[in-house]
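Structure, as structure tokens:
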Amino acid sequence: MSRPAPAPAAAANDPLRDALRAHFGFDDFHKGQRAVIEDLLAGHPTVAVMPTGAGKSLCYQLPGLLLDGVTVVVSPLIALMKDQVDALRARGVAAEYINSSLDPEAQRAALDRLAGGATRLVYVAPERFRSGAFIRALQQVPLALFAVDEAHCISRWGHDFRPDYTRLGAVVERLRPPRLLACTATATPDVRDDMLRALRLDAAQVHVAGFLRDNLYLEARLCANERDREKRLVHFLTRGAGQSGAVIVYASTRKRVERYAGVAWKALGDGQVVAYHGGMDDTERSAAQEAFMSGRARVAVATNAFGMGVDRADVRAVVHVDLPRTLEGYYQEVGRAGRDREPARCLLLYNPIDTRVHHFLIDQSHPDPKALQAAWHALRTRGPATPRQLAEAVDALDGANQAETVLRHLAKVDAAQFDGGGAFRAHPDAPPDVADLGLDLAGIARHRDHEHDKLRQMKRFVHEAGCRHAYVLRYFGEQVDAECPGCDRCDPDDDNAAPGVVFAPPDEGEALLIRKALAGVARAEGRYGLRKVAAMLAGSRAATLRGTGLDALSTFGLLKDVGLDCTVELLQLLIDQDLARMSGGDYPLLQITEAGWEVMQGRTCPGFKPPPHLMPGSTAARRVERMRKGAAAEVDVDPEDAPLVDALRAWRADQARERGVPAYVVFSDRTLFAVVDRRPTDERGFLAVHGLGPSKWETFGPDLLQVVAPFAAG
Ligand code: ADP
Ligand code: MG
């Protein structure tokens, strides 16, 4: 796909770009900037959704310099305000900031300069608008533009919710600025809707741009169990794309970090691996950070807290050994790979069982009214309690974490007060019924459902049949207008190129497969783990089932044609789609859910088509099975082929170096061996090789034929 190059004549007459060069010394606009600025200059209310680092500040700074009047920039990041203002002043721009880091006198002086008409841009913290005097001062100066940076802070859906931001809608109404801009890097529809409504931006032009990270290869692998996941990680770090260069491995908890740091350490030896999590003390943590930053350690295994302080631009791979809770989180974390714009690999190792913990934690942090009432009653009648004590006293509470959440909710409406020593006590005048405490019970439930929903969208990313990059862009609301730059679904050489789940109603055969699997889950009555149920459905004669009675059930062997591995995958899929679930505890048991019953009995239709390789007796299933077995084995090269294999490998390495991409981007080993088999001598022969298509012909077809020519069968 090629785009027409801009006509050179147009470059001569581009006043906006001239202004960019004159004021900022930049050559050209980043993706999206021009459109935002043009809309603003034309007087349209505008929203700019671009990822961090895309250059959102310029979208208000340049108009601020071109328009008559003052540009007000609201930003929650006090530390960054000073940096931006210093940078603008260094360019000779009359810029100010007004926030709590200035003493009252300095604030007054800044306001005076503003009133005197000397200021072009003024940065303010949202707290400023608590003051009516400040708003009146702004009413006295001619405004050019009102820009709200980090505008997602206005949404309660976001994790950065800032109560002071909610005032901005009313401020906009009072100031009536001639132009209004909201900037954010968070573009999910929920947050965006909130933002548009709250800032009176319903009629705004929304620009979403720049989310595609075209140097990242995205892949997600389903793992059968924890052992499988560990093996895949080790393979990746020792023989796969993660065998050289800096790698960050993300795990969800402290314990998981320690476990996987151990796995990596065993595989790579001492000195190459550091662990990083919130439970370490400051010296340990900075030592780990320093080792990774300086390059002494190649692999960092970390919770997502890692990354804020680490600014290593040459991270070559990010691996997730746990499912992130949201796609925003995932994308932010993989975004720490390849910031030098060189190719990097992003591998998500996923076991559907993980999501149980996530769903559990979400429920825990959103207590239902029953739990709230029971906790409130206990606190009132039993006297002061710590979260732990409260959790012990109240059955309806799910552990100390939930007790703490409950107490925080109660404290927010002043029903509970901190009592010292980690304990809380009930306010003596507060009413006995939680419903009368002014808690937003419906809001809590809404927020809970919302978080479950976001998790489901994350899960969907793993299973989706289509392009991973396109899925992310769609999620963020950006138009997909480029070819996939690299993902396991689009790469014809990747095992995962076999299509995944399609989220559309299944046909009869597919629905039947899902119902059969559910029937097996139901028959096992929630008394067995996933592996045993799968073995039963697949009709396994292995020892695992002996003595369980599972081999006597009517559902024994119902999915014989599907095979054991694929049945495991199918059951994992049922869990992911909430048709089945795993119980908690040390020996999680597979159970059918209410939604699962509905589907099993044919009352509702599942909303997805299982991937074709799970269909009974499919050749794809056999292929997947073979590939899995073969994956571990080293490739044997026939001695007769060895010279050509070597020649192709050397040529591929040259190509990769020349174009600054990893070798697999040129073509994979699988394609390499297909070339060896076929030894193409012309374009037709070339195109007949699995993994080589017209675009590869364009880039290196004739070149490759030359490499093969001396070896072509005469
Ligand atoms: P964001 O707010 O979107 O995270 P910033 O506005 O902080 O990003 O900009 C990130 C960096 O990019 C800054 O150093 C900025 O000077 C630079 N930048 C912005 N626009 C351009 C451009 N058109 N050309 C070159 N650099 C740019
Ligand atoms: Mg910014």
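Nothing in this text is a laboratory measurement; each read-out follows from the coordinates by a stated rule. Since the structure is predicted, the reported quantities are computational estimates derived from the model, not experimental observations. A quick note on method: Cβ atoms are made from the backbone with ideal geometry, for glycine too, and the neighbour counts reach across all protein chains shown.
Laid out as a table, the results:
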| quantity | calculated |
| --- | --- |
| Share antiparallel - DSSP beta bridges, segment 307-430, percent rounded to 5 | 50 |
| Chain lengthening between Arg197 and Glu342 when straightened (0.36 nm per residue, less Cα-Cα) | 48.3 nm |
| Global form of segment 307-366, assessed from the alpha-carbon gyration tensor, a/c cut-off 1.5 | prolate |
| Sequence-distant lysines (8 or more away, or on other chains) whose Cα lies within less than 16 Å of Lys412 | none |
| Overall form of segment 394-453 per C-alpha gyration tensor (a/c, 1.5; a/b vs b/c) | oblate |
| Taking Lys56, Lys609 and counting other C-beta atoms within 10 Å, the order from fewest to most | Lys609, Lys56 |
| Lys, Arg +1 and Asp, Glu -1 on Cβ, resulting dipole of segment 54-152 about Cα centre, debye, nearest 20 | 140 |
| Rg and Dmax [Cα atoms of segment 220-327; Å; Rg one decimal, Dmax integer] | 12.8, 38 |
| For Ala220, residues with placed amide H under 5 Å, excluding near neighbours | Leu348, Asp488 |
| Straight-distance crosslink candidates among aspartates and glutamates, where the alpha carbon sits under 13 Å from Lys56 and sequence neighbours closer than 8 are dropped | Asp149, Glu150 |
| Net charge dipole size for the chain [Lys, Arg +1 and Asp, Glu -1 on Cβ; Debye, nearest 20] | 540 |
| Distant-in-sequence amide H partners of Val315 (H built 1.01 Å from N, under 5 Å) | Gly338, Arg339, Asp340 |
| Isotropically averaged projected area of the chain, using the convex hull of Cα atoms (one quarter of hull area), nm² | 39.2 |
| Those aspartates and glutamates that a straight Cα-Cα span of less than 20 Å connects to Lys231, excepting residues fewer than 8 apart in one chain | Glu219, Glu258, Asp270, Asp322, Asp354, Asp488, Asp494, Asp495, Asp565, Glu569, Glu625, Glu634 |
| Per-selection metrics, segment 28-140 (Cα): Rg and Dmax in Å | 14.3, 41 |
| Filter on Lys516/Lys609; Lys266/Lys532; Lys560/Lys609 - keep pairs with C-alpha separation over 23 Å | Lys266/Lys532 |
| Most to least packed among 108-120, 239-251, 392-404 [average Cβ atoms within 10 Å] | 239-251, 392-404, 108-120 |
| Sequence-separation-based contact order of the chain, relative, with Cα cut under 8 Å and 6+ spacing, percent | 9 |
| Among Val273, Pro643, Gly335 - extreme Cα towards positive end, dipole of the chain, charges at beta-carbon | Val273 |
| Fraction of beta bridges assigned by DSSP in the chain that are antiparallel (%, nearest 5) | 15 |
| Ala144 long-range amide H proximity, modeled H, under 5 Å | Val70, Thr71, Val72 |
